[in-house]
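Colleague: Below are the structure tokens for one structure; questions will follow.
Just so it is clear, none of the values below were taken in a lab; they were calculated from the coordinates. Given the structure is predicted, the values throughout are model-derived calculations rather than measurements. Every residue, glycine as well, gets a Cβ built from its backbone with ideal geometry; the counts of neighbours run over all protein chains shown.
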Amino acid sequence: MPEFFASTARGLVEPLEKELKDLGLKVTDKYIGGVFFESNWEGCYKANLHSRLASRILKPVLDFTAYQPEELYNQILRHDFTKYIKPTQTISIDASVTESMMRDQRYVAMKVKDAIVDQFRDKFGVRPDVDNENPSLRIHVRAIKNQFNVAIDTSGDSLFKRGYRKEVGEAPLKENLAAGLIMVTEWDKQSPLVDFMCGSGTFLIEAAMMAKNIAPGISRKRFGFQNWLNYEPEAWDKVVQEAMDAEIEELPFKFYGFDIDRKVLNNAKDNAKRAGVDDVIEFKKEPVATVEPPVEKGMIIINPPYGARIGDEDNLRDVYRDLSFTLKHRFKGWDAWILSGNKELIADLKLKSTRKHFVFNGNIECRFLKYSMF
Ligand SMILES: C[S@@+](CC[C@H](N)C(=O)[O-])C[C@H]1O[C@@H](n2cnc3c(N)ncnc32)[C@H](O)[C@@H]1O
């Protein structure tokens with residue numbers, strides 16, 4: 001049975017493990033950046049289509065130790081890369097190198113590329129070109145302390161690119177991070193969600209897709225494995241058909257998004273439409289200071305600005321003060337989850353958290369905190 005590796009953001013490995021198990025996949029191991037599972041190709045297609053948390057589904061093909069360029073070159077030749085694509089298709093190498101004798105990752109990528117194109121040329125007399133934007137076969141090479149892992153990328157483009165988001169506001173959350181955080185809250189998928197600063201709407205769109213059981217990859221145009229010679233279109237069609245049959249048309253509750261910026265709200269509406277969830281999300285222009293509960297009961301989830309990328313400190317202090325006031329005075333009895341990368345601003349809320357989760361939003365270490373408004 002082939003083994004696959006689902007990669008994700010730091011802090012989301014446990015939720016990803018649970019998600020893959022819930023999809024019926026056999027998880028064999030986990031690692032800092034992801035989860036290993038064993039499955040046939042149909043299971044790999046399923047993970048690509050259904051995983052809300054994975055960044056990519058990789059298929060590891062080689063593990064070895066190499067100190068010198070020739071060793072690297074010869075080790076790469078041990079795997080037959082010509083079985084995946086035709087020589088007229090394209091490749092791209094993504095290399096990262098840590099604490100190794102060969103220190104330049106561009107050089108490592110070049111050596112790997114040389115070995116692979118030589119393999120094609122020897123066999124066919126023709127070599128694949130490199131296309132870093134849209135390759136038919138993307139190959140990932142990781143070296144840590146001279147220990148190399150090589151994997152082929154079954155996803156192609158990152159899975160957080162669902163295809164529904166064309167326009168974004170400032171500092172949007174990655175879709176898989178938003179989905180992972182929703183899973184951390186243990187939201188029941190049956191009660192209203194409210195985001196006071198929804199920006200391009202990522203939390204609400206991801207949550208609405210979960211509630212309507214819409215597979216996150218259903219509107220993506222293409223996955224890496226679809227370019228390959230071993231692609232099994234019948235298995236893929238079956239996985240897609242099953243996903244579409246399981247979608248839920250109507251929900252008995254809604255999602256509510258507020259933001260101060262009309263332009264980002266328009267983007268959010270367009271995104272929700274493309275994701276097939278515009279019928280269940282209501283967006284409204286409203287500053288956080290004056291937001292009122294749109295329904296009697298539900299859960300709040302917010303990613304306020306935190307200064308690292310947008311907004312200045314003084315202005316942000318006011319925003320957090322308004323947020324705190326609205327929560328305390330108008331949302332009694334609600335649970336609120338707040339994601340912030342700024343400890344000082346979080347302290348300004350003057351609220352006591354009842355749960356705390358650490359996660360990386362890009363390079364920023366963030367806290368995801370739960371507050372119960374008594
Ligand atoms: C970090 S972004 C949210 C990003 C969002 N989670 C997404 O994925 O697109 C913060 C949002 O807070 C909004 N905002 C800033 N000050 C606000 C205020 N006083 N009231 C309401 N929204 C505000 C901004 O317009 C911005 O869209």
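Colleague: Take the alpha-carbon centre of the stretch 171-216, take the same for the stretch 316-374, and report the distance between them in whole Å.
Modeller: The stretch 171-216 and the stretch 316-374 have Cα centres spaced 17 Å from each other.
Colleague: If you average the sequence gap of Cα pairs under 8 Å that are 6 or more apart and divide by the length of the stretch 3-153, what percent do you get for the contact order?
Modeller: After rounding, I find 25 percent.
Colleague: Hey, fewest Cβ within 10 Å first, where do 35, 141, 117 land in order?
Modeller: Fewest-to-most Cβ neighbours within 10 Å comes out as 117, 141, 35.
Colleague: Helix 313-330: angle to the longest alpha-carbon principal axis of the chain, degrees 0 to 90, nearest 10?
Modeller: The angle comes out at about 60 degrees.
Colleague: Quote the charge dipole size of the chain about the Cα centre in Debye, to the nearest 20; the model charges only the Cβ of Lys and Arg (+1) and of Asp and Glu (-1).
Modeller: 420 debye
Colleague: Right, here's the next one. Using the count of nearby Cβ atoms within 10 Å as a rough guide to exposure, how do 50, 357 rank from fewest to most? List each step's numbers first, then the result.
Modeller: Numbers: 50 24, 357 19.
Listed from fewest to most nearby Cβ atoms, that is 357, 50.
Colleague: Beta carbons within 10 angstrom, averaged per residue: use that to sort the peptides 17-27, 206-216, 239-249, highest first.
Modeller: Top to bottom by mean Cβ count within 10 Å: 206-216, 17-27, 239-249.
Colleague: Note down the relative contact order for the chain as a percent, whole number, built from C-alpha pairs under 8 angstrom at least six residues apart.
Modeller: 15 percent
Colleague: I'd like the Karplus ³J(HN,Hα) series for the stretch 55-64: coefficients 6.51, -1.76, 1.60, θ = phi - 60°, whole numbers in Hz, and an x wherever there's a Gly or Pro.
Modeller: 8, 8, 10, 9, 10, x, 10, 8, 9, 7
Colleague: Order of 368, 196 from fewest to most other C-beta atoms within 10 Å?
Modeller: Result, fewest neighbours first: 368, 196.
Colleague: Normalised by the residues of the stretch 266-357, what does the relative contact order come to in percent, with Cα pairs under 8 Å and at least six apart?
Modeller: RCO, the stretch 266-357: 32 percent.
Colleague: Further question: Are any of the pairs 161/285; 166/254; 18/189; 86/113; 212/263; 30/343 more than 20 Å apart by Cα-Cα distance, and if so, which?
Modeller: In this structure, 161/285; 166/254; 212/263; 30/343 exceed 20 Å between Cα atoms.
Colleague: Straight-line reach only, C-alpha to C-alpha below 18 angstrom: list the aspartates and glutamates that residue 350 could link to, leaving out same-chain residues fewer than 8 apart.
Modeller: 313, 314, 318, 322, 335
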